[in-house]
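Data first, discussion second: the structure below is written as structure tokens.
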């Protein structure tokens with residue numbers, strides 16, 4: 001109640017106008033102070049944000065982290081946030097009442113507490129008549145004499161302005177100058193986007209297969225399983241381009257096996273029929289075609305077999321053996337292909353009866369039937385879906401290959417500058433070392449024992465004429481060798497080929513394999529145990545040019561290498577298109593004449 005009485009008395013007193021003028025002056029000074037604070041704090045917020053942007057840009061030049069446009073956006077957002085925070089703080093903190101502000105400005109402007117005293121007397125309502133009037137007049141004159149623009153100037157410190165301009169120029173240079181790391185980051189992002197796009201394409205293909213009503217559940221599962229496995233592999237964290245391409249290639253091969261339209265449930269029957277004919281010499285080509293569940297190849301094999309049967313090229317024993325095989329194969333095909341099984345039985349009966357014309361006719365009819373069935377399967381829903389899925393996988397493989405090549409090129413460009421700097425430093429050190437060695441030689445000093453050992457080892461290496469493979473800048477062994485280099489035959493004395501081309505394995509120096517013939521004469525002292533358990537532990541002792549002996553446990557070494565290769569093949573780390581090459585290599589090592 002007393003506060004309300006004080007306010008009412010203040011506004012109804014004859015000095016209310018004087019109080020309003022003093023209060024208006026105090027608010028005007030407070031606004032000026034806020035503007036000054038806003039300018040000062042705003043400049044500091046700008047150079048703090050710009051400095052943070054320079055830090056981000058410098059990191060972006062050391063490693064692929066953020067793109068220049070992303071750094072610019074982050075810098076702008078950070079700077080704007082700091083600026084808004086500075087303005088909000090300048091205008092909203094600390095909240096003060098009029099009397100507290102008047103006391104602050106009395107001290108700031110040297111008013112000897114005139115304004116604050118007058119406001120306090122007017123608020124209390126106990127202003128003496130004569131003394132109060134003089135007090136108000138003195139406070140008003142003091143307030144009017146204050147030059148607030150001079151006392152609170154809007155200015156920026158030269159050091160802060162120079163820092164802001166310098167940081168801005170540095171940030172512009174870091175963002176505008178070419179940055180190989182940014183190219184590498186763009187390539188990596190393009191690779192990730194391509195990877196995500198291919199996963200989406202595989203999932204869309206899976207949905208299309210599941211929506212095909214003409215396919216039974218077994219056919220849908222056979223089609224979707226390779227696609228789903230490939231999609232799961234592509235979504236793995238940290239997957240390499242080689243692993244991604246290998247997964248797509250493996251899925252594509254699995255779907256190409258279904259592109260002939262042969263239902264997966266029927267393949268087992270054809271394989272059983274192939275086993276029945278595999279023991280017959282005349283029916284071996286037919287068995288191979290049935291093993292692949294390929295009706296087109298089966299038709300060709302049947303035509304060839306019909307010609308042989310009609311020309312009487314088969315002996316009595318071969319005819320009977322082939323008849324038994326055809327009968328057993330017919331039993332295996334009865335449930336899945338009864339028409340072809342019936343033709344097999346007719347041919348078997350004609351062979352047993354010794355009627356070559358009837359056997360030839362039955363086999364030709366079987367070939368015609370198999371060709372018709374193959375044409376029908378080629379137009380089936382299973383074949384069309386398998387072909388569409390294989391084309392999708394092929395397109396995905398090409399897209400990933402192109403993205404990986406772009407990423408690899410960008411990464412090499414990004415690493416070129418640090419490597420060039422390191423090479424330059426090493427060259428400088430080598431030059432300095434060479435100068436030091438030359439000066440030592442001029443002085444007549446003898447090289448140290450370590451230097452003699454190194455020079456001796458180098459001489460022996462040169463005399464041997466066979467430098468160790470894989471040594472040098474790339475490190476020991478095959479470290480640093482890329483998959484494309486291995487595929488192209490680099491480092492293994494393979495024929496020259498374009499980068500990325502896959503070459504079939506060619507046995508190196510086959511005449512010098514174990515048990516083979518050679519143009520060179522080599523005397524080997526072979527020591528082996530007579531026990532069969534140690535037969536694989538044969539040790540070959542060969543005298544070298546210097547008279548030293550080199551021992552090699554061939555069987556043990558080959559076994560260990562074979563185990564390592566089999567483990568690598570099983571864990572899926574080797575791309576599918578490389579497995580046959582590796583398999584053929586180790587198979588040729590183990591071949592005996």
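Readers should treat all values here as calculations from the given coordinates under stated rules, not as data from a laboratory. Everything numeric here is computed off the predicted structure, so don't read it as measured data. Every residue, glycine as well, gets a Cβ built from its backbone with ideal geometry; the counts of neighbours run over all protein chains shown.
Here are the numbers:
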| item | result |
| --- | --- |
| Cα gyration tensor shape of the range 141-213, rounded if a/c is under 1.5, else prolate or oblate by comparing a/b with b/c | oblate |
| Footprinting exposure proxy for 148, 245 (fewest neighbouring C-beta atoms within 10 Å first) | 148, 245 |
| Convex hull of the range 264-379 built on C-alpha atoms - directionally averaged projected area, nm² | 5.8 nm² |
| Prolate/oblate/rounded call for the range 184-284, Cα gyration tensor, a/c under 1.5 rounded | oblate |
| Pairs of alpha carbons in the range 309-363 whose separation is greater than 19 Å (percent) | 21 percent |
| Tensor-based shape of the range 182-221 (alpha-carbon gyration tensor, a/c under 1.5 rounded, otherwise prolate or oblate) | prolate |
| Dimensionless Rg ratio for the range 2-176, taking C-alpha atoms and the 2.2 N^0.38 Å reference | 1.53 |
| For peptides 224-232, 93-101, sequence by mean Cβ density within 10 Å, most packed first | 224-232, 93-101 |
| Contact order normalised by residue count of the range 2-176, Cα under 8 Å, 6+ apart, percent | 38 percent |
| Per-residue Cβ neighbour rank within 10 angstrom, fewest leading, 75, 304 | 304, 75 |
| Sorted by Cβ neighbour density within 10 Å, fewest at the top, the residues 364, 157 | 157, 364 |
